[in-house]
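Novice: Sharing a structure with you now.
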Amino acid sequence: MKILVVVREKAEAGEIKKMLQRIVPISEMEQNDCDGCCCKIVGTAGDGQTGCEMVRRECPDLLIADVELPVVDGLEMLEKIRGDHRDVKVVLLAERENFSQVKRAINLGVEGYLVKPVREDELQQAVARAEEKWKKECMTEAVLSIENIFMACLNGQLSPNPQFNMMTRQRFGLTIEEPGAVFAVWLGDGFEEQKGRARSVIGQAKGFGAGRASRVFEARVWKILFVVLYQMENENQEYTYFQKEIVPKLCRQLSGTVVCIWAKAKRIADLPDVLKHMNLMKDWNLLFDRGELIRQEVIDSQRTVPLKYPVEIENQARQAVTVKDGEEIKRAYYRLYDYLRREPHSPGEMKECLIRINMALLNVYKAQWEIESEVEIQRCMQAISTAMSWREIRAAMESFLTMLNFDAFEEKEDSRLSPLVRKAVQIVRKYFDQGITLEEVAGRLFVSEEYLSSQFKKETGAGFTETIRKYRIDRIKELLIGTKLRINQIAELTGYADSKYMSRVFKEETGMLPTEFRKAAH
């Protein structure tokens with residue numbers, strides 16, 4: 001703790017220094033940490049003007065000063081330095097007790113008001129009070145950072161008050177009562193694997209534009225990374241930047257589900273409520289394509305229409321279950337996806353429709369066969385009810401179909417294949433539109449990739465990759481002819497992360513782009 005002594009008489013200054021040496025450890029070296037700290041006398045002055053200059057130069061932690069000083073008295077000196085050195089602790093020394101002086105001293109926030117001659121025990125008590133307060137402030141400053149302030153807001157541990165606002169404004173130039181914005185990216189089950197890459201992309205936002213200030217946080221329980229933006233000059237400008245620059249980069253560099261959301265915060269202190277609202281907004285991602293930045297204004301602009309339950313599609317799927325036709329079940333689901341996405345419906349209605357159809361198929365199945373696990377069926381239904389993307393819904397539907405335990409993806413010609421290749425072919429038929437790889441199939445069948453690849457081509461006459469591509473191209477043709485799904489939606493349903501790449505592959509195989517094929521077919 002640095003101490004400055006400002007008293008009129010040089011002899012008195014020497015006496016105070018001796019008392020300080022007896023009551024606190026004095027070091028010649030500056031040692032300003034709070035744990036086991038030493039004190040250092042950084043200088044003495046004999047008038048208030050010089051005292052002001054030394055305070056500005058030395059930035060002491062404790063000022064011991066006479067009330068009555070030449071040029072500028074002690075109280076005036078204190079008033080002058082309080083603006084820039086609000087945290088300095090002060091012990092005033094007076095010739096006699098004066099009520100008006102005491103009142104001014106209290107208003108200026110002093111730790112002691114001692115009447116001369118100064119007694120050592122009184123000085124010791126006053127210095128101890130100042131030191132204790134200084135230590136507490138040291139510890140507060142050690143943990144006080146933008147990150148910690150925002151985390152405390154998120155955890156509900158902070159509520160705005162004038163003293164805290166004054167401290168954060170002095171240190172960071174902001175208060176938690178000021179407005180901000182939050183950008184969140186939801187990564188689903190890929191959160192742990194992809195959060196590092198997402199952080200790297202998001203970090204590029206920090207250099208954009210004048211006035212951007214932001215911090216990146218993560219909420220594992222919700223599987224999101226989020227950026228808190230504050231001290232914004234123009235919220236719409238920031239939204240546009242994230243929409244045009246950050247979101248496309250995230251979608252290019254991350255695989256799987258990526259849901260990007262934007263929300264305003266009237267006050268930074270309201271971060272918990274803002275994040276809760278953003279968590280609810282994720283549902284509406286079902287109405288948007290991958291790569292869109294969702295905010296409340298965009299959701300409000302969606303004119304949803306009531307969903308009429310597709311009885312015809314349910315009947316087609318029920319019939320397919322009855323005759324154990326797995327491919328027709330899939331086609332029924334693709335028709336269902338097309339029906340649900342043809343017009344904007346509320347996410348809740350779409351999920352209810354999917355669950356209702358699944359339960360109808362389950363009842364048909366249970367009339368003929370036993371269900372191995374009712375618990376797993378319930379998990380599939382739960383996964384649909386909490387899904388935030390069509391990729392998740394499709395995965396939940398696939399899991400549900402797997403629970404209906406019959407060889408729905410077996411065909412007559414499979415009987416000529418060996419058990420290994422027959423199983424591989426059936427896996428390909430079932431999962432080709434989910435981006436299944438040779439490595440994954442070999443892993444499921446407990447054989448090496450090289451062996452499976454050679455046997456697959458030997459028995460089927462086509463390579464693994466060639467077979468996957470054929471199934472995908474055939475499915476793309478079906479969806480182009482039989483549905484009104486957009487090209488990017490068809491890409492998602494056939495295992496392509498990039499619709500442009502899908503279009504290139506499709507043209508290589510057919511000589512036409514998907515849009516040209518659809519136009520020619522109709």
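Novice: Grab the helices (runs of 4 or more DSSP H) fully contained in the stretch 59-173, keeping just those with 3 or more residues being among the β-branched types (Val, Ile, Thr). Lay out the reasoning, then the answer.
Specialist: On the way: elements: 74-82, 99-107, 120-143, 146-154, 162-172.
Qualifying helices (runs of 4 or more DSSP H): 120-143.
Novice: Looking at LYS276, LYS266 in this structure, which one is under 24 Å from GLU292 (Cβ atoms) and open to solvent by 10 Å² or more (accessible area, probe 1.4 Å)?
Specialist: Working: LYS266 fails: under 24 Å from GLU292 (Cβ atoms).
Exactly one of LYS276, LYS266 is under 24 Å from GLU292 (Cβ atoms) and open to solvent by 10 Å² or more (accessible area, probe 1.4 Å), namely LYS276.
Novice: For the stretch 240-265: of the residues being touching a Phe, Trp or Tyr at 6+ places or on another chain (Cβ under 6 Å) and closer than 17 Å to ASN285 by Cβ, which is modelled with the highest pLDDT?
Specialist: Of the stretch 240-265, the ones touching a Phe, Trp or Tyr at 6+ places or on another chain (Cβ under 6 Å) are 241-242, 259, 262.
Now restrict to residues that are closer than 17 Å to ASN285 by Cβ: 242, 259, 262.
Numbers: PHE242: 90, VAL259: 91, TRP262: 95.
Only one residue tops the list, namely TRP262.
Novice: Within the group PHE172, PHE150, which residue is at pLDDT below 85, open to solvent by 30 Å² or more (accessible area, probe 1.4 Å) and either of a type in the set (Phe, Trp, Tyr) or over 48 Å from the mean Cα position of the chain (by Cα) (or both)?
Specialist: Working: PHE150 fails: open to solvent by 30 Å² or more (accessible area, probe 1.4 Å).
Unique residue meeting the criteria: PHE172.
Novice: Return yes when LYS324 is over 20 Å from the mean Cα position of the chain (by Cα) and on the phi > 0 side of the Ramachandran plot and no when it is not. I'd like the intermediate steps shown before the answer.
Specialist: On the way: over 20 Å from the mean Cα position of the chain (by Cα): yes; on the phi > 0 side of the Ramachandran plot: yes.
Against the criterion (over 20 Å from the mean Cα position of the chain (by Cα) and on the phi > 0 side of the Ramachandran plot), LYS324 qualifies.
Novice: Can ARG318 be described as over 15 Å from MET350 (Cβ atoms), touching a residue at least 24 places away in the same chain (Cβ under 8 Å) and either among the hydroxyl-bearing types (Ser, Thr, Tyr) or open to solvent by 60 Å² or more (accessible area, probe 1.4 Å) (or both)?
Specialist: Numbers: over 15 Å from MET350 (Cβ atoms): yes; touching a residue at least 24 places away in the same chain (Cβ under 8 Å): yes; either among the hydroxyl-bearing types (Ser, Thr, Tyr) or open to solvent by 60 Å² or more (accessible area, probe 1.4 Å) (or both): yes.
Against the criterion (over 15 Å from MET350 (Cβ atoms), touching a residue at least 24 places away in the same chain (Cβ under 8 Å) and either among the hydroxyl-bearing types (Ser, Thr, Tyr) or open to solvent by 60 Å² or more (accessible area, probe 1.4 Å) (or both)), ARG318 qualifies.
Novice: Look through the stretch 183-197, keep the residues that are open to solvent by less than 20 Å² (accessible area, probe 1.4 Å) and in contact with an Asp or Glu (Cβ under 9 Å, 6 or more places away or on another chain), and return whichever of them is farthest from ARG295 (Cα to Cα).
Specialist: PHE191
Novice: Another question, then. Where in the stretch 411-506 are there helices (runs of 4 or more DSSP H), lying fully within it, with 1 or more residues that are open to solvent by less than 70 Å² (accessible area, probe 1.4 Å) and acidic (Asp, Glu)? Break it down into steps so the answer makes sense when it comes.
Specialist: Values: elements: 419-431, 438-445, 449-460, 464-482, 487-493.
Fully inside the stretch 411-506 and qualifying: 449-460, 464-482, 487-493.
Novice: Write out, first by first residue and then by second, each pair whose Cβ atoms fall under 6 Å of each other, whose residues are 6+ apart or on separate chains, and whose first residue, in the stretch 379-402, is open to solvent by 20 Å² or more (accessible area, probe 1.4 Å) while the second is modelled with pLDDT under 85 and not basic (Lys, Arg).
Specialist: What qualifies is ARG391/THR257.
Novice: Determine whether GLU193 is at pLDDT 85 or above and under 28 Å from GLN21 (Cβ atoms).
Specialist: Details: at pLDDT 85 or above: yes; under 28 Å from GLN21 (Cβ atoms): no.
In short, no.
Novice: Can I ask one more? Six or more apart or on different chains, Cβ under 6 Å: which pairs go from a residue in the stretch 54-76 that's free of Cβ contacts under 8 Å to residues at least 60 places away in the same chain and acidic (Asp, Glu) to one that's buried (at least 23 other Cβ atoms within 10 Å of the Cβ) and part of a loop (DSSP other than H, G, I, E, B)? Could you list them?
Specialist: none
A quick yes/no check of all residues on (1) closer than 30 Å to HIS522 by Cβ; (2) polar (S, T, N, Q):
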{"site": "GLU374", "(1), (2)": "no, no"}
{"site": "ARG391", "(1), (2)": "yes, no"}
{"site": "LEU417", "(1), (2)": "no, no"}
{"site": "VAL425", "(1), (2)": "no, no"}
{"site": "ASP433", "(1), (2)": "yes, no"}
{"site": "THR460", "(1), (2)": "no, yes"}
{"site": "THR467", "(1), (2)": "yes, yes"}
{"site": "ARG475", "(1), (2)": "yes, no"}
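Novice: I need a count of the residues in the stretch 99-139 that are touching a residue at least 12 places away in the same chain (Cβ under 8 Å) and of a type outside the set (A, V, I, L, M, F, W, C).
Specialist: Final tally of qualifying residues: 15.
Novice: Continuing with this model, one more query. Filter the stretch 306-315 down to the residues that are of a type in the set (A, V, I, L, M, F, W, C) and either over 15 Å from VAL364 (Cα atoms) or open to solvent by 60 Å² or more (accessible area, probe 1.4 Å) (or both) and list them by number.
Specialist: LEU307, VAL311
Novice: Still on this structure: If VAL71 satisfies every condition in (1) open to solvent by 30 Å² or more (accessible area, probe 1.4 Å); (2) at pLDDT 85 or above; (3) closer than 22 Å to ARG171 by Cα but one, which is the exception?
Specialist: Condition (3) is where VAL71 drops out.
Novice: State whether one or more residues within the stretch 226-233 are closer than 12 Å to VAL182 by Cα, within 17 Å of the chain's Cα centre (by Cα) and among the aromatic types (Phe, Trp, Tyr).
Specialist: Of the residues in the stretch 226-233, the ones closer than 12 Å to VAL182 by Cα are 226-230, 232.
Subsequent filtering for residues that are within 17 Å of the chain's Cα centre (by Cα) retains 226-230.
Now narrow it down to the ones that are among the aromatic types (Phe, Trp, Tyr): 226, 230.
Yes, there is a match, as at least one residue in the stretch 226-233 is closer than 12 Å to VAL182 by Cα, within 17 Å of the chain's Cα centre (by Cα) and among the aromatic types (Phe, Trp, Tyr).
Novice: Right, another one. Going by the structure shown, is GLU374 open to solvent by 40 Å² or more (accessible area, probe 1.4 Å) and under 32 Å from the mean Cα position of the chain (by Cα)? Working first, answer last.
Specialist: Working: open to solvent by 40 Å² or more (accessible area, probe 1.4 Å): yes; under 32 Å from the mean Cα position of the chain (by Cα): no.
Criteria not met by GLU374.
The values are calculated or read from the model by the stated rules, or taken from the named source; none is laboratory data. None of the values given here were measured: they were computed from a predicted structure. Positions of Cβ are generated from backbone atoms using ideal geometry, with glycine treated the same way; all protein chains shown enter the neighbour counts. With ligands, DNA and RNA removed, areas are computed over all heavy atoms of the protein, side chains included. Shrake-Rupley method; radii C 1.70, N 1.55, O 1.52, S 1.80 Å.
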